[in-house]
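The values are calculated or read from the model by the stated rules, or taken from the named source; none is laboratory data. Treat the numbers as computed from the prediction; the structure is a model and nothing was measured. Note: ideal-geometry Cβ built from the backbone for every residue, glycine included; neighbour counts use all protein chains shown.
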Amino acid sequence: MVGTVDQAKFELLIEVYALINSNYADGKTLISQIIESSARLVGAEAASLVLYDLVADKLRFEIAIGPRKSEIMGMEQDPKEGIVGWVVQHGQSLIVNDPEADARFSPTISKEVNFPAKSILAVPMKVKGVLVGVIEVINKTKGRYFLDEDLYWLELFAMQAAIAVENARFLEKTSIELSYLSEKAQVNSGWHNLVYASPIMAEKIDLIDRIAPSDASVLILGESGVGKELFAERLHRASKRADRPFVRVNCAALPETLLESELFGHVKG
């Protein structure tokens, strides 16, 4: 069937596809926009993205839009309960236009947030046949019931939304792994971070940062154990030589006759 309404929905789908392929830098915002679009697509009062945590065996309302979104977001549900639970268990879409009369409906969350569910449409989100979550829309705004046409459009929508969710998850996981590897590399490099609260230390750090760009040689003096090597590290990392090796030499372990040669080199002969 082709008509004005269908054309509008088709244009909204294209808009969403463009959104999905635009930017994953802020995955949470992207997915929120996608779920908001799902409510617009079928004319629903509220919508939720429910993700399935396989390890914890829980359904989590990750994103919600509508009158009670702040209360709903973060709530968890048994994957064997409710309309969403049925969709997860069977991997099929479901329309329920009289929830109170349907044995599969669980009123727990609806009552907890004081938001009556008069009609529900839920569709699975799958990537390569694996279920990653469910899009649930609640309360048809124009007309009382969700129709097969709404189900058709939301299923098309869910296919792309699933890819967006999976890509956002992958990006987040990759970002965490890169951060971990960066920290590990820093630790393995032997660098140490200075932790201080003293105004005197702050003054010394400021001095180090000011002289670091110069080519002058710097002699750091102090009692044993006060952190001279840490200041030397800081100086090196802030200098123009930061990309070159930082060589630590224990001067106390060198004979006086070899110290000058070790530090400044020597000429053969």
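Among residues of the stretch 51-69 that are assigned by TED's automatic domain parsing to the domain that holds residue 163, those with a Cβ under 9 angstrom from a residue that is aromatic (Phe, Trp, Tyr), sequence gap 6+ or separate chain, pair up as 51/61; 58/52; 59/52; 60/52; 66/115; 67/115; 68/115. Scanning the stretch 213-244 for residues that are touching a Lys or Arg at 6+ places or on another chain (Cβ under 8 Å) and in a loop (DSSP other than H, G, I, E, B) yields 213, 215, 220, 221, 222.
Restricting the stretch 194-224 to residues that are among the β-branched types (Val, Ile, Thr) and surrounded by 12 or more Cβ atoms within 10 Å (Cβ to Cβ) leaves a set whose member that is nearest to residue 237 (Cα to Cα) is 208. Within the span defined as the stretch 114-121, one or more residues are modelled with pLDDT of 90 or more, surrounded by fewer than 18 Cβ atoms within 10 Å (Cβ to Cβ) and basic (Lys, Arg). Going through the stretch 37-57 one residue at a time, which ones are in contact with a Pro (Cβ under 7 Å, 6 or more places away or on another chain) and within 15 Å of residue 162 (Cβ to Cβ)? If the condition is that a residue be in contact with a Pro (Cβ under 7 Å, 6 or more places away or on another chain) and within 15 Å of residue 162 (Cβ to Cβ), then 52 is the only one that fits.
Filtering the stretch 187-202 for residues that are modelled with pLDDT under 70 and part of a helix (DSSP H, G or I) leaves a non-empty set.
If the condition is being modelled with pLDDT of 90 or more and either closer than 19 Å to residue 59 by Cα or in a loop (DSSP other than H, G, I, E, B) (or both), then the stretch 134-157 contributes 134, 135, 136, 137, 138, 141, 145, 146, 147.
To keep it simple, each residue is scored yes or no on (1) over 23 Å from residue 55 (Cα atoms); (2) of a type outside the set (Ser, Thr, Tyr); (3) not in a loop (DSSP other than H, G, I, E, B).
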residue: 86; (1), (2), (3): no, yes, yes
residue: 89; (1), (2), (3): no, yes, yes
residue: 104; (1), (2), (3): yes, yes, no
residue: 110; (1), (2), (3): yes, no, yes
residue: 114; (1), (2), (3): yes, yes, no
residue: 121; (1), (2), (3): yes, yes, yes
